[in-house]
Amino acid sequence: MTAPEQPASVMAYIGLGSNLADPRAQVRRAMDELAALPGCTLCFRSSLYATAPLGPAAQPEFVNAVVSLATTLTPLELLAALQGLERDHGRVRDGTRWGPRTLDLDLLVFDELQLQLPGLIVPHPEMAKRSFVLVPLAEIAPARLLIPGYGHLQDLLAALVDRDGPRRLPESAATAAAGSGPQAPA
């Protein structure tokens with residue numbers, strides 16, 4: 001008898017954001033929870049970045065980051081896991097766009113896949129315009145990462161017009177001492 005074949009893993013990039021209920025802690029905890037998802041291995045995590053909110057200005061600034069996961073999950077399985085983590089963090093999807101939230105997890109890139117389904121578009125349709133996505137992504141991904149339908153990451157970064165881009169947050173002494181998992185490649 002032979003062992004069942006393991007499905008091949010693919011690389012997925014996940015955007016994280018929070019601006020409520022201790023956003024830094026929300027994002028860090030979510031990174032650890034992503035690392036623990038069945039069928040997923042956390043490869044790299046970016047630094048944390050502070051970003052002005054999109055949409056309504058009368059809300060706190062966001063903390064954003066990006067992680068890379070090697071995963072055997074399908075895009076829809078991964079989306080379901082991400083939405084489950086959001087719910088666990090108290091996220092309520094009430095149809096409000098760009099409002100404050102405890103946790104926002106976006107499936108940015110899933111290998112070389114281009115997918116358009118109700119509730120899931122991959123690559124993320126707005127990522128090429130958002131410095132708070134591209135800057136942390138560039139910290140952990142190869143510069144020549146091809147984002148299907150958009151081009152190479154380094155070209156997207158060069159074309160950014162967002163002058164109020166993200167501000168890298170300093171690492172706290174507690175976080176640095178904790179060694180909270182794989183960091184961006186040096």
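The values are calculated or read from the model by the stated rules, or taken from the named source; none is laboratory data. Quick caveat, the model's predicted, so the values are computed rather than measured. Cβ coordinates were reconstructed from backbone atoms using ideal geometry, including for glycine residues, and neighbour counts include every protein chain displayed. Note: accessible area is taken over every heavy atom of the protein model, side chains too, but ligands, DNA and RNA are not part of it. Shrake-Rupley method; radii C 1.70, N 1.55, O 1.52, S 1.80 Å.
Observations, loosely collected:
- Karplus 3J(HN,Hα) series, Hz, for region 63-74 with 6.51 cos²θ - 1.76 cosθ + 1.60 (x for Gly, Pro): 10, 10, 6, 9, 10, 10, 10, 8, 9, 9, 6, 6
- Positive-end residue of VAL66, LEU48, MET11, charge dipole of the chain with Cβ unit charges: LEU48
- Phi angles across region 35-48 convert, under the Karplus curve 6.51 cos²θ - 1.76 cosθ + 1.60 with θ = phi - 60°, into 3J(HN,Hα) values of 5, 8, 5, x, x, 10, 10, 6, 9, 9, 10, 7, 5, 8 Hz, Gly and Pro given as x.
- When shorter helices are ignored and each DSSP H run of at least 4 residues is given -39500 (n - 2.57), the per-residue value for the chain at 222 nm works out to -7500 deg cm²/dmol.
- For peptides 84-93, 126-135, sequence by mean Cβ density within 10 Å, most packed first: 126-135, 84-93
- In this structure, ARG97 and THR41 have a Cβ-Cβ separation that, at R0 = 22 Å, corresponds to a calculated FRET efficiency of about 0.10.
- Tensor-based shape of region 45-105 (alpha-carbon gyration tensor, a/c under 1.5 rounded, otherwise prolate or oblate): oblate
- Gyration tensor verdict on region 25-77 (Cα atoms; rounded if a/c is under 1.5, prolate if a/b is larger than b/c, oblate otherwise): prolate
- Accessible surface for the chain, divided over its residues, is 52 Å² per residue with a 1.4 Å probe.
- Cα gyration tensor category, rounded, prolate or oblate, for the chain with a/c compared to 1.5: rounded
- Charging the Cβ of each Asp and Glu at -1 and of each Lys and Arg at +1, and nothing else, the dipole of the chain about its Cα centre rounds to 380 debye.
- Between HIS89 and any residue 5 or more places off or on another chain, the built amide H atoms are never under 5 Å apart.
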